[in-house]
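Read the structure below first, then the notes.
Taken together, the values in this text are just the output of simple stated rules run on the coordinates, not laboratory data. Keep in mind that this is a model prediction, so the values were computed, not measured. A quick note on method: Cβ atoms are made from the backbone with ideal geometry, for glycine too, and the neighbour counts reach across all protein chains shown.
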Amino acid sequence: MLKLIIPTIMLIPTTWYSNNKMIWINSTTHSLLISLITLLFLNHNDENSMTTSLNFFSDPLSSPLLMLTTWLLPLMIMASQHHLSKETHTRKKLYITMLILLQLFLIMTFAATELMMFYIMFEATLIPTLIIITRWGNQPERLNAGLYFLFYTLFGSMPLLIALTYIHNSTGSLNLLLLPHWTQMSLPPWSNTLLWTACMTAFMVKMPLYGLHLWLPKAHVEAPIAGSMVLAAILLKLGGYGMMRITIVLNPPTTPMTYPFLILSLWGMIMTSSICLRQTDLKSLIAYSSVSHMALVIMAILIQTPWGFAGAMTLMVAHGLTSSLLFCLANSNYERVHNRTMILARGLQVLLPLMTTWWLLASLANLALPPTINLIGELFVMMTAFSWSNVTIIFTGLNMLITASYTLFMLITTQRGTLTHHINSIKPTFTRENSLMLMHVIPLLLLSLNPKMTLGLFH
Amino acid sequence: MNPTTLFAIPMTLFSGTMLTMLSSHWLLIWAGLEMNMLALIPILMKKTNPRSTEATTKYFLTQTTASMLLMMAILINMTSSGQWTITNMDNPSATSLATLALIMKLGLSPFHFWIPEVTQGIPLTSGMILLTWQKLAPISIMFQLAPLLNPYIILTSTALSILVGGWGGLNQTQLRKIMAYSSISHMGWTTAILMYSPSTMILNLSIYILLTLTTFSMLTIYANHTISSLALLWNKNPLIALAISLTLLSLGGLPPLTGFLPKWIIIQEMMKNNSIITPLFMTIAALLNLYFYMRLIYSTTLTMLPTTNNIKTKWRFESTKQTLLLPTLLILSTFLLPLAPITPILN
């Protein structure tokens, strides 16, 4: 794993020592090269994980997310070029350093063997994200957004620290390679419940679960583009990955404990999708759609069947790429009109036809069109939920319907219809923007051809 | 100042603490504490304005009360056991009185009221000495007396201190008061594992002293006393603005910075002794502390130009303050967490 971590650390001196003209080129190129290394990790021959050292390992569960993380860094750097163009070179380098630091902590989180290392790196990702949101966001609301983000996550993860320490004391080790072979802990009923809640709350807040999701619309909307991309694509998946890992230890109490959270997910799915139908703010719409998709993932992980985990993994990767793509598209609108309101930049098909192609592909992916991996993920999750209880088909089916509605609403509002008068003079699409969208869309489409690698442990 | 005085006062301060830490005779320990307090008085009174006088008087009165309580405990011990050795304190009233006295010396709840007011009235460097050096002597007594002290008093004051330190600091704009409440909270954490593992208490104290020294050193450079004075610090010295933010994040206990290490070890030690709910509430109360540090970080680093700022710029003077060992302190305050595997030596 050091072959991934050391180059990422070395990206920081690369950025700082770059010629002022070459800041963007150097960091983008080298981070792209690093992402090629993670492709090595996708080669799993059997169910066993690829243990690379005492502290880091790679698993069919973590390698798709590692791939996503490293793929996203060059995309984030490419997307940030415009809004940082007026800043001093030191500030540009500082911003890129924050992104690289975040990438480093994320790699270490996904590759960690010891759950305590996972926890420390999980918390460590908060600091660069906080700095990106509050320092480089655009509106005064970003201050509140940063505080909500930090304190919601920390409030959820303090009990996780206690729970992990308790499990360490009672089972002797927190190593993920050892834990599946351990005998189950037996605790009195209420203690079991509290332990389960303590472990899961952190990840529920991070996912986010419907009742604890208040930080997400704020943080996603106020963050600059790279912040939104990384939040939507990776940081939410930290919660899902953590949940998948920690349920190994929590097995007996999980079945009755999950009922409230499953209900919250089902209901939250419908609620947040419906809110999307009434949004005027484009980024807010995409943020709420993230909550909706993640509710599906939570449901799949909590039901704990093989197809559920496979569907959750696929949906996480698919949603990561799609949501990040949608945020990039929304940002391209924002950079032209300096406003996130949807109706102020409408009818863009006439002005920017290639961008419409990307909007179309993103929207089709978001509404889970076959044969994209979005559909495969959602289908697996729907089947898992149906096997758990037949009634859930009403909710998941209704969710698919509403998702399609708001996605098409977003597509039609921004692309179709008549132009407004004031956007006749917007700049045409940059090559950088086109390549950014292409680099999002290509993995999405290619994975539709071979979704096996994102199906996690059970393909 | 007279060179003799300039030498004598810190020397007395130093030797007072050393006397307390190195003796086993109760009278000498008490004498060391008194020397410490008396030597600190002129340091607190460096500027002779009425506010400093008030602060110094409050300090003197509370510390004397604590010393007298300690003397009472010593004498009860003397009359009931007939000897002056520190490690043989069997009489329960003696131990309870000694616990109360030491808590008052440290400034834990419910005897914390003097800390914000004293810290506010004195210059920044004196505040630094008050909040770091002055903790060493009482903590060393607690370390030696650890199995004998009254656990109920200790645990109550721990819980109260962490809560008071968190909530008290929320409404403050003066940096010295904020550091005072942070000290109350951290002392609460320090005494939390006194009952279970006194060596971890020393770890917590040392990292707390490290972080507080770093913070105060950076604040003295431009004599920042309020949050609003921090707001345009990035203009004068952007590196210090960044460094203050990192140190404050470390004080708040965020991984992967050093400040997380003592909290983590304390939680581990408490849980090894089957105390689970207490660390849970302690960690959540520590988030209150983090909130007002975040407020400071917001005004220092996270709201720089081109975002608008309503703070009046001050005159830019060339800073003549010495910053001893600041780079070393900074690196130690932020990057020490990877050394966590050596903590088993504390057992």
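Of B:ASP90, A:ASP59, the sequence from fewest to most neighbouring Cβ atoms within 10 angstrom is B:ASP90, A:ASP59. Would you work out which of B:LEU148, B:ALA285, A:LEU326 lies farthest towards the positive end of the dipole of the protein assembly as shown, given +1 charges on the beta-carbon of Lys and Arg and -1 on that of Asp and Glu, about the Cα centre? Of B:LEU148, B:ALA285, A:LEU326, it is A:LEU326. As a calculated quantity, the FRET efficiency between B:PHE317 and A:THR420 at R0 = 45 Å, using C-beta atoms, amounts to about 0.25. Cross-link pairs exceeding 22 Å in C-alpha to C-alpha distance, out of B:LYS177/B:LYS236; A:LYS93/A:LYS237; A:LYS237/B:LYS263; A:LYS237/B:LYS272; A:LYS21/A:LYS93; B:LYS58/B:LYS177, comprise B:LYS177/B:LYS236; A:LYS93/A:LYS237; A:LYS237/B:LYS263; A:LYS237/B:LYS272.
Among A:THR125, A:THR356, what is the fewest-to-most ranking by other Cβ atoms within 10 Å?
On the way: A:THR125 25, A:THR356 17.
Sorted ascending by nearby Cβ count, the order is A:THR356, A:THR125.
Dipole size of region A:260-458 about its Cα centre, with +1 on Lys/Arg Cβ and -1 on Asp/Glu Cβ: approximately 340 debye, rounded to the nearest 20. Only Lys, Arg, Asp and Glu carry charge here, each on its Cβ (+1 for the first two, -1 for the last two); on that basis chain A has a dipole of about 1140 debye about its Cα centre.
Based on the mean of other beta carbon atoms within 10 Å per residue, what is the order of B:319-328, A:227-236, A:19-28, most packed first? Walk me through the numbers before you get to the answer.
Details: B:319-328: 11.5, A:227-236: 27.7, A:19-28: 15.5.
Ranking the peptides B:319-328, A:227-236, A:19-28 by packing returns A:227-236, A:19-28, B:319-328.
Say a paramagnetic label sat at a point 7 Å from the Cα of B:THR65, along Cα to Cβ; which residues of region B:105-133 have their backbone N under 15 Å from it? Only B:105-118 pass the distance filter. Between A:ILE412 and A:SER85, the distance separating the two model label sites (each 7 Å from Cα on the Cα→Cβ line) works out to 3.5 nm. Coupling constants for region B:315-330 follow from the phi torsions by the Karplus curve (6.51 cos²θ - 1.76 cosθ + 1.60, θ = phi - 60°), and in residue order they are 4, 9, 9, 6, 7, 10, 6, 7, 10, 6, 6, 4, x, 4, 4, 4 Hz; glycine and proline get x.
Contact order for region A:260-458, expressed relative to its length and based on alpha carbon pairs under 8 Å spaced 6+ residues apart, stands at 32 percent.
Given Cα pairs under 8 Å that are at least 6 residues apart, what percent is the relative contact order of chain A? Spell out each step's value before the answer.
Working: 690 pairs, mean separation 70.0, N = 459.
Here the relative contact order equals 15 percent.
Test of understanding: what is the full-extension gain from A:ASN20 to A:LEU277, defined as 0.36 nm times their sequence separation minus their Cα-Cα distance?
Details: separation 257, 0.36 × 257 = 92.52 nm, distance 4.44 nm.
Result for the pair: 88.1 nm of gain on full extension.
Arranged from fewest to most other beta-carbon atoms within 10 Å of their beta carbon, A:VAL350, A:VAL317 become A:VAL350, A:VAL317. When chain B is described by a simple charge dipole with +1 on each Lys and Arg Cβ and -1 on each Asp and Glu Cβ, the residue from B:MET89, B:ILE9, B:MET187 located farthest towards its positive end is B:ILE9.
Kindly provide the trypsin sites (Lys or Arg not before Pro) of region A:85-151 that DSSP labels as loop, not H, G, I, E or B, and whose Cβ sees at most 14 other Cβ atoms within 10 Å. The partial results should precede the final answer.
Working: sites: A:LYS86, A:ARG91, A:LYS92, A:LYS93, A:ARG135, A:ARG142; in loops: A:LYS86.
Within region A:85-151, the qualifying trypsin sites (Lys or Arg not before Pro) (loop, at most 14 other Cβ atoms within 10 Å) are A:LYS86.
Applying 1/(1 + (r/R0)^6) with r as the Cβ-Cβ distance of B:ILE345 and B:THR79 and R0 = 45 angstrom yields a FRET efficiency of 0.65.
Over all other residues within a Cβ to Cβ distance under 10 Å of B:PRO116, the charged ones net out to +1, with Lys and Arg as +1 and Asp and Glu as -1. Taking θ as phi - 60° and the Karplus parameters 6.51, -1.76 and 1.60, the scalar couplings of region A:351-368 work out to 7, 10, x, 5, 4, 4, 4, 5, 4, 4, 5, 5, 5, 5, 5, 5, 8, 6 Hz in sequence order, x denoting glycine and proline.
Sequence-distant contacts, meaning Cα pairs under 8 Å at least 6 residues apart, place the relative contact order of chain B at 15 percent.
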